[in-house]
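The values are calculated or read from the model by the stated rules, or taken from the named source; none is laboratory data. Small disclaimer: the values here were computed from a predicted structure and weren't measured. Every residue, glycine as well, gets a Cβ built from its backbone with ideal geometry; the counts of neighbours run over all protein chains shown.
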Amino acid sequence: MTDIVVGDKFGAWEVLRRVSDGRYLCVCTSCNETQKRVKAHDLRSGKSLQCKSCSHSVKKSHGAELQYPSEYQSWQSMIARCTNPNNKDYPRYGGRGITVDLMWLSSFEAFLMMMGRKPTPEHTIDRIDGTKGYMPGNCRWATRDEQNRNLSSNIPLTIDGETKVVTEWARDPRCTVSEFTLYKRIARGWTDAKKIVFTPSRRSAEGSGEESREAGSDSRDSGSPEEEEEQ
């Protein structure tokens, strides 16, 4: 079992220091005021998530879907796409190793307490680092535009067991095309990661300077064959 160290977070509790065998002094980050000695077992199991004063901010009841319907739906959808092989989105999430934090998986209260309410109904849950799962510190409520701006650095590609996001693959010496070209291939529906990253560009092969041309392309680009056929 992994040791608990200073700075670890369990629900709203943040560990300040170990005070005795099996107990840790924690501060409740929901109010940033209450400090309490909490048993290690209670932290790991999710039995204790925050101080008593803050626990009233989220009611423990089977009516959570009625009290916080939009957040509850996001929580259910997150779990479904990561754990249910019959879910239509499972191949893009659970099927490629995206998981849900165990505390969030077992407790809507813990999820809501750490994420907070949605700023607007248009906000959905977004992973900051697309190579990691749904967990505290890696998730936020974001609009579609915010997610789209974050997407470019979040697209993971796995080749022969090695996973990197697009920006990292573009810097890999084995990749001979620009980051711009990698994004264009993905946008056009290419699905084979090895072909996306390692297929030489037609222009590059012909010595016509694809990268400089594509980097300077704009809305006047009418879809001429600057890339190979779609995969």
*Just name the residue that is modelled with the lowest pLDDT out of those in the stretch 50-88 that are more than 22 Å from the chain's Cα centre (by Cα) and of a type in the set (Gly, Ala, Ser).*
SER61
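For ARG117, state whether it is touching a helix residue (DSSP H, G or I) at 6+ places or on another chain (Cβ under 8 Å) and at pLDDT below 85.
When the stated conditions are applied, ARG117 does not pass them.
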*Only one residue in CYS31, CYS26 is surrounded by 18 or more Cβ atoms within 10 Å (Cβ to Cβ) and either modelled with pLDDT of 85 or more or not assigned by TED's automatic domain parsing to the domain that holds GLU122 (or both). Which one?*
CYS26
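Filter the stretch 106-124 for residues that are assigned to a helix (DSSP H, G or I), surrounded by 18 or more Cβ atoms within 10 Å (Cβ to Cβ) and not acidic (Asp, Glu) and give the result. Spell out how you get there, then give the answer.
In the first step, residues of the stretch 106-124 are kept if they are assigned to a helix (DSSP H, G or I); the result is 106, 108-115.
Filter once more, so that each one left must be surrounded by 18 or more Cβ atoms within 10 Å (Cβ to Cβ): 108-115.
Correct list: PHE108, ALA110, PHE111, LEU112, MET113, MET114, MET115.
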*Does LEU112 count as outside the structural domain of ASP42 (by TED's automatic domain parsing) and either basic (Lys, Arg) or over 29 Å from GLY7 (Cβ atoms) (or both)?*
no
*Output the residues belonging to the stretch 125-134 that are surrounded by fewer than 17 Cβ atoms within 10 Å (Cβ to Cβ) and either within 20 Å of MET113 (Cα to Cα) or among the aliphatic types (A, V, I, L, M) (or both).*
ILE128
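Can you tell which of THR143, THR163, THR181, THR199 is at pLDDT 55 or above, outside the structural domain of TYR93 (by TED's automatic domain parsing), under 29 Å from TYR93 (Cβ atoms) and under 19 Å from the mean Cα position of the chain (by Cα)?
Of THR143, THR163, THR181, THR199, the one residue that is at pLDDT 55 or above, outside the structural domain of TYR93 (by TED's automatic domain parsing), under 29 Å from TYR93 (Cβ atoms) and under 19 Å from the mean Cα position of the chain (by Cα) is THR163.
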*asked:* Based on this model, can you work out whether ALA40 counts as closer than 29 Å to ARG17 by Cα and at pLDDT 85 or above?
replied: yes
